[in-house]
Amino acid sequence: MKKKRKKISFRTMWKIHGVIFVAPFLIGFVAFFLLPLINTIYYSFNEVGVGDQGGMTFKWVGIQNYIDLFRSEVTTTNTTMARLFTEENSTMLLSLPLIVIFSLFMALLANQKFKGRAIVRLLFFLPIILGIDVVMDMLTITTGGTTLDTGSNLLSGSYVTIFLVRTLNVPMRILYPIMTYVENIFDLISQAGVQTLVYLTALQSISPSLYEVAKMEGATAYETFWKVTIPSIMNITFFVVIYTIVDLFLKSSIAEEAYAFAFTQGKIGVGSALSIVYVGNVILVLAVAALLLRKVVKKNEK
Amino acid sequence: MKNKKAKTESKVDAGLAIYLFKNKTKKGLVRFFSLVLIMGLCFTIIYPILSLVPVVFSTVEDLGNPNVIWIPLEFSTISFKTAARMIMPQGLATMGKSVLYAAGIMVLQVFFSAMVGYSLARVNFWGRRLVFGMVILVFLLPRQSLLLAQYIYFVHFDVLGIMNLFTKAGEINLINNPIVLVLLAVFGFGVNQSLFIFLFSQFFKNIPKELEEASLIDGCGFYRTYFRIMLPNAIPIISTVGILSFVWNYGDTYYTNYFNPNGSYMSTLLSSTFISANKDYILEALRTWYDAPVATDLAFDAVKQAGALIFLIPLLIVYLIGQRKLVENMENSGLVG
């Protein structure tokens, strides 16, 4: 018995302990991720009903659920699925670069040295708690007539706009999209909390000697930014972009639709099909983003 | 002689002075503009909260009054009280329950994510890369995509037929049982937990190996090394993850709403009470409770925003205590560089 025990080397023992440490995650992975995933795929090819004794019954229907999903089913707000997906994706792709650039911008501002920096930082990271879905819903979505706005109408009613339109004759066609973005700035900020935090720490971890060298060599601030700052934070940009995509997908309404299909309309199969299409969509977007970014990151690392 | 020298020097200096002056004004201008920008941004961030105050604290009659913008004519706490009664049915106990729930889940999440993160970073066990890939995969796939199957799974909860021992049906309905939320946190699937595991593993990767070796030579085993040496060294990342976890769990409506809908957490109460379908109900409550016959749609929004304000109080407190550490700690988190 003792001899056998000795056979397990120290290294192996260490590894076993390591496995014990990840065991909870592995169990969770199988129980809360893998099984539900397999089940979702299985449900999506079946017509799921409730049996006489309370169990679930399955009838294989092939890809009928998917066909139904895009042909005949509509969402709770009466739009088609194809339209729901296009809308979700286009808003996501539009806000992704905005959020990333904006969070970098906020981090750059917060990284400067000035008086009252502590207060500014306190406010800059407030979006981490203001950006929580519930709070955002309560703050922005209103039912009454003229109600609280989150910075909306600040621009469209301001003197700047009147000046631009009346005196400079800037056509509304150009001004309007800009105005919409400016007026939704709080939406943008509220989604950039964690990203700003990550960027700020990335900026602070850049070695000051790099900036000194740049200064000695006579680089302008502009050159320093593009040749020192940007390459140094390229890796973290990768993380920020992926995080933002995931975060934006988390906020999409597709899950509620799937839930509505399954438990309001009793079409578990269709709901599962929707979930699967959704997963495919997420993977596709992430893969494209990762491929594009990898090229940019590599280019900057040289 | 001295004068002459001074004169030539001043001639040279004149050029220098102009250069310096230019530089100074340039710097000053840049500074000025960035300050303006910063102030503008700060204003945009805080504006929604500031503008809540007059809406929440003015009398119901004043809400539509165009003459009242920032300072209410008469101070009143009706909306505030109504909201408090709505989202805190048991008074402060509800708030306490929500806070305790978030804190409890936070502790579990931190404890188990740290373990997994440590093992992934420091122990070269079999299939480590595979497990790491799993963590990333879980992070990437939005959790709601599996909601349906997870929900059904919890309705018919049964682990390898163990439940046969406890119930007749051989399965147990775990929906509405808070234990689901605990299970999820313990097994690494709470709110954003894969992100936390990732952060922990990045942090532990950067801790010098010598620490581990020293503790081994001093005769500590695996567990003692972890709990005595590694965990105390991980305080920065623990507090960062802790703050994020608390905030996200407190504000979470997803898991609480679907897996424990009757749990009456403040977040779920907030999101389920103040939907437009409930408008008449809330206005009616306002009229009967506080004798405000003119309560209009605007009053509904006032109550709703009062609810948001109440909900934010614990978060703001935690945030004020923790935010200064947040930036410092993220630097040591190993995520960067």
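List of remarks:
- For segment A:258-286, residues that are more than 8 Å from chain B (Cβ to nearest Cβ) and surrounded by 24 or more Cβ atoms within 10 Å (Cβ to Cβ) total 5.
- Exactly one residue out of B:Ser239, B:Ser272, B:Ser264, B:Ser245 is closer than 30 Å to B:Ala103 by Cβ, within 29 Å of the chain's Cα centre (by Cα) and surrounded by 22 or more Cβ atoms within 10 Å (Cβ to Cβ): that is B:Ser245.
- Meets criteria (at the interface with another protein chain (Cβ under 8 Å from one of its Cβ atoms), under 24 Å from B:Ser113 (Cα atoms) and touching a residue at least 60 places away in the same chain (Cβ under 8 Å)) for B:Leu298: no
- Any chance A:Val246 is of a type in the set (A, V, I, L, M, F, W, C), more than 10 Å from chain B (Cβ to nearest Cβ) and under 20 Å from the mean Cα position of the chain (by Cα): no
- Among residues of segment A:194-206, those that are at pLDDT 85 or above and not hydrophobic (A, V, I, L, M, F, W, C), counted: 3
- Consider segment B:88-108 and keep the residues that are small (Gly, Ala, Ser) and part of a helix (DSSP H, G or I). The one that is farthest from the chain's Cα centre (by Cα) is B:Ala93.
- Residues that are hydrophobic (A, V, I, L, M, F, W, C) and within 15 Å of B:Met115 (Cβ to Cβ), drawn from segment B:175-206: B:Ala185, B:Val186, B:Phe187, B:Phe189, B:Phe196, B:Ile197, B:Phe198, B:Leu199, B:Phe200, B:Phe203, B:Phe204
- Pairs are defined by a Cβ separation below 9 Å, a sequence spacing of at least 6 or placement on different chains, a first member in segment A:256-274 that is part of a helix (DSSP H, G or I), and a second member that is acidic (Asp, Glu) and buried (at least 20 other Cβ atoms within 10 Å of the Cβ); the pairs so defined are A:Gly271/A:Glu257; A:Leu274/A:Glu257.
- Count of segment B:175-220 residues which are within 21 Å of B:Tyr153 (Cα to Cα), of a type in the set (A, V, I, L, M, F, W, C) and free of Cβ contacts under 8 Å to residues at least 60 places away in the same chain: 3
- A:Ala118 being of a type in the set (Gly, Ala, Ser), surrounded by fewer than 14 Cβ atoms within 10 Å (Cβ to Cβ), at negative phi and within 14 Å of chain B (Cβ to nearest Cβ): yes
- In this entry, A:Met138 passes the filter for residues that are within 14 Å of chain B (Cβ to nearest Cβ), part of a helix (DSSP H, G or I), more than 23 Å from B:Leu326 (Cα to Cα) and without any contact (Cβ under 8 Å) to a residue 24 or more places away in the chain.
- Residue among B:Tyr281, B:Tyr226, B:Tyr255 that is part of a helix (DSSP H, G or I) and at the interface with chain A (Cβ under 9 Å from one of its Cβ atoms): B:Tyr226
- Pair list, Cβ under 6 Å, 6 or more apart: segment A:218-232 residue closer than 21 Å to A:Leu200 by Cβ, other residue not in a helix (DSSP H, G or I): A:Ser232/A:Ile206
- Check on A:Phe238, assigned to a helix (DSSP H, G or I) and closer than 20 Å to A:Tyr199 by Cα: yes
- Out of B:Leu148, B:Leu120, B:Leu183, one residue alone is at pLDDT 85 or above, part of a helix (DSSP H, G or I) and surrounded by 24 or more Cβ atoms within 10 Å (Cβ to Cβ). It is B:Leu120.
- The conditions of being assigned to a helix (DSSP H, G or I), surrounded by 20 or more Cβ atoms within 10 Å (Cβ to Cβ) and not polar (S, T, N, Q) are met by B:Phe198.
- Put simply, of A:Ala214, A:Ala221 the only residue that is over 19 Å from the mean Cα position of the chain (by Cα) and either closer than 22 Å to A:Lys295 by Cα or more than 12 Å from chain B (Cβ to nearest Cβ) (or both) is A:Ala214.
- Some residue of segment A:195-207 being closer than 24 Å to A:Lys113 by Cα, surrounded by fewer than 17 Cβ atoms within 10 Å (Cβ to Cβ) and of a type outside the set (Gly, Ala, Ser): yes
- Counting only helices (runs of 4 or more DSSP H) that sit completely within segment A:10-116, those holding 3 or more residues that are closer than 30 Å to A:Tyr199 by Cβ correspond to A:81-111.
- Per-region count, segment A:52-102, residues touching a Gly at 6+ places or on another chain (Cβ under 6 Å) and surrounded by fewer than 17 Cβ atoms within 10 Å (Cβ to Cβ): 1
The values are calculated or read from the model by the stated rules, or taken from the named source; none is laboratory data. No experiment lies behind these values; they were computed from the predicted model shown. Note: ideal-geometry Cβ built from the backbone for every residue, glycine included; neighbour counts use all protein chains shown.
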